[in-house]
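Novice: This is the structure I want to talk about, given as structure tokens.
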Amino acid sequence: MIKSRSRGFDRHALEGLGILRAVVEAGSFVRAGEALGLTQSAVSRAVARVEERVGVRMFRRTARSISLTDEGLRFYESVAPHLLAIEDATVEAGDSSTNVRGRLRVNIDEGIGQYVLTPRLGPFLEQHPNLSVELAVRDRMGDLVREGFDVAIRFGLPEPSALKSRLLLRTRVLTCASPAYIARYGMPRRPRDIEKHRCVQMRNPSTGSPFEWEFVRGKKVIPVNASGQLMVNGSGPLVAACLAGQGITQLIELYTRQFLDDGRLVQVLPDWAEETYPLYAYHHSAQLMSAKVRAFLEFVVALTRE
């Protein structure tokens, strides 16, 4: 349990928390000092004052790296949303036309980055010229607070977390192949026929094994044992392998509709394509949501409704 001191909270304490956040985001005292225009010793003293005031050690320090202690992480998770809200309130009070500003770090699935967000970010960035966006592709969401992310856009069911989750859409899982593959190996007619074909599989980052395949029509679900020589760990290579005729694969419709529409891919077993996969946005407390996160979520919601 974190112990707090009874002394009052003043401007210097707030500045210390801002420096603490800079250290967490930069990953070192030196880089935080460079970002803030302070010396490393000034940053260290400010963090030490925060530690003395709160009564816990914030960082584990080694010769090569620093990391938050368990107590420091709990404290930082508590104060970080408040610091963002204070920052936004200050900016908004000073100039309401530029309240969406700063750096927005977004944790995303590879396919969302490659096929959905990156091609359509232009108008959003033009609308907010004082905002910079970093899209970081991760095979897992991980710890948004520890890694300094503002928001995440991820496929799959939410895991237990203190983060707020918002369902953006459900997209179908389609089984696809290239016309060249079908011409050479034939079109499967039943779900079990898939077991006789070459399949390109996607690695499940949670287990290290391939994702399981199943075919859904109404209330009927048929699992199949897909197999093949190639397994990948990203949506880009999965789509590329399918386009190159290396096998049948299961793809998210959100990524592949363009290839089906222009004929570069064909859908396999279209009558067995009722399985869906959810897309969620994750963020910190809605009451303390920063202006940049709010603007980005509004953009993503509008984008996924198209």
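The values are calculated or read from the model by the stated rules, or taken from the named source; none is laboratory data. The shown structure was predicted, so the numbers you read here are calculated from the model rather than taken from an experiment. Note: ideal-geometry Cβ built from the backbone for every residue, glycine included; neighbour counts use all protein chains shown. In case anyone asks, the SASA skips ligands and DNA or RNA and just uses the protein heavy atoms, side chains included. Shrake-Rupley method; radii C 1.70, N 1.55, O 1.52, S 1.80 Å.
Novice: Along each principal axis of its Cα atoms, how long is region 95-134 end to end? Whole angstroms, biggest number first, please.
Specialist: 37, 18, 10
Novice: Need the C-alpha centroid separation for region 101-158 versus region 259-288, integer Å.
Specialist: Between the Cα centre of region 101-158 and that of region 259-288, the gap is 18 Å.
Novice: I would also like to ask the following. Per residue, how large is the accessible surface of region 187-306? Use a 1.4 angstrom probe and give square angstrom. All intermediate terms of the calculation are to be shown ahead of the outcome.
Specialist: Details: 6130 Å² over 120 residues.
Value returned for region 187-306: 51 Å² of accessible area per residue.
Novice: Enter the angle in degrees (range 0 to 90, nearest 10) between the Cα long axis of helix 291-304 and the first principal axis of the Cα atoms of the chain, meaning the one along which they spread out most.
Specialist: Around 10 degrees separate the two axes.
Novice: Short version: ³J(HN,Hα) in whole Hz for each residue of region 152-158, in order, from phi by Karplus 6.51 cos²θ - 1.76 cosθ + 1.60 (θ = phi - 60°), x for Gly and Pro, what are they?
Specialist: 9, 10, 9, 7, x, 5, x
Novice: With all protein chains present and a 1.4 Å probe, how do 134, 274 order by accessible area, largest first? Mind showing how you got there, number by number?
Specialist: Details: 134 65, 274 100 Å².
The ranking, largest first, comes out as 274, 134.
Novice: Using r as the Cβ-Cβ distance of residue 219 and residue 136, and R0 as 35 Å, what FRET efficiency do you calculate, to the nearest 0.05? Don't jump to the answer; show the numbers that get you there.
Specialist: Numbers: r = 39 Å, r/R0 = 1.12.
About 0.35, to the nearest 0.05.
Novice: Please report the relative contact order for the chain, taking Cα pairs under 8 Å with a sequence separation of at least 6, and give it as a percent rounded to a whole number. Show your work: numbers first, answer last.
Specialist: Numbers: 497 pairs, mean separation 62.6, N = 306.
Here the relative contact order equals 20 percent.
Novice: To the nearest 10 square angstrom, how much accessible area does residue 262 have with a 1.4 angstrom probe?
Specialist: Surface open to solvent at residue 262 totals about 80 Å².
Novice: Turning to a different aspect of this structure: What aspartates and glutamates sit close enough to residue 220 to cross-link, taking a C-alpha to C-alpha distance under 19 Å and skipping anything fewer than 8 places away on the same chain?
Specialist: Partners found: 193, 195, 212, 271, 274, 275.
Novice: So if R0 is 30 Å, what FRET efficiency would residue 161 and residue 277 give, r being the distance between their Cβ atoms, rounded to the nearest 0.05?
Specialist: Values: r = 19 Å, r/R0 = 0.63.
E between residue 161 and residue 277, to the nearest 0.05, is 0.95.
Novice: Now for a different question. For residue 247, list long-range residues whose amide hydrogen, built 1.01 Å from N in the peptide plane, is under 5 Å from its own amide hydrogen.
Specialist: For residue 247, the qualifying residues are 178.
Novice: Between residue 39 and residue 147, what's the calculated FRET efficiency when r is the beta-carbon distance and R0 is 30 Å? Round to 0.05. Could you put the intermediate results ahead of the total?
Specialist: Numbers: r = 26 Å, r/R0 = 0.87.
The formula returns an efficiency of 0.70 here.
Novice: Note the full-extension length gain between residue 28 and residue 70 as 0.36 nm times their separation in residues minus their Cα-Cα distance, in nm to one decimal. Let's see the in-between values first.
Specialist: Values: separation 42, 0.36 × 42 = 15.12 nm, distance 1.75 nm.
Residue separation times 0.36 nm, minus the Cα-Cα distance, leaves 13.4 nm.
Novice: Name the long-range amide H neighbours of residue 27: under 5 Å, sequence gap of 5 or more, or other chain; modelled H, no Pro or chain starts.
Specialist: Sorted by chain and number, the residues that satisfy this come to none at all.
Novice: Another question, then. Search the structure for amide H atoms under 5 Å from the amide H of residue 68, placed 1.01 Å from N in the peptide plane, and list their residues when 5 or more places away or on another chain.
Specialist: 60
Novice: Now for a different question. For region 225-230, in order, what is each residue's ³J(HN,Hα) by Karplus, 6.51 cos²θ - 1.76 cosθ + 1.60 with θ = phi - 60°, in whole Hz (x at glycine and Pro)?
Specialist: Once θ is set to phi - 60°, the couplings for region 225-230 become 9, 6, 8, x, 8, 10 Hz.
Novice: Gain in length, residue 230 to residue 127, computed as 0.36 nm per residue apart minus the alpha-carbon separation, to one decimal in nm? Don't skip to the end; give the middle numbers.
Specialist: Values: separation 103, 0.36 × 103 = 37.08 nm, distance 4.25 nm.
Residue separation times 0.36 nm, minus the Cα-Cα distance, leaves 32.8 nm.
Novice: Further question on the same structure: Can you give me the P(r) profile for region 196-306? Cα pairs, bins 5 angstrom wide beginning at 0, each as a whole percent.
Specialist: Going out from 0 Å in 5 Å bins, region 196-306 shows 2, 9, 16, 19, 17, 13, 10, 7, 5, 1, 0 percent.
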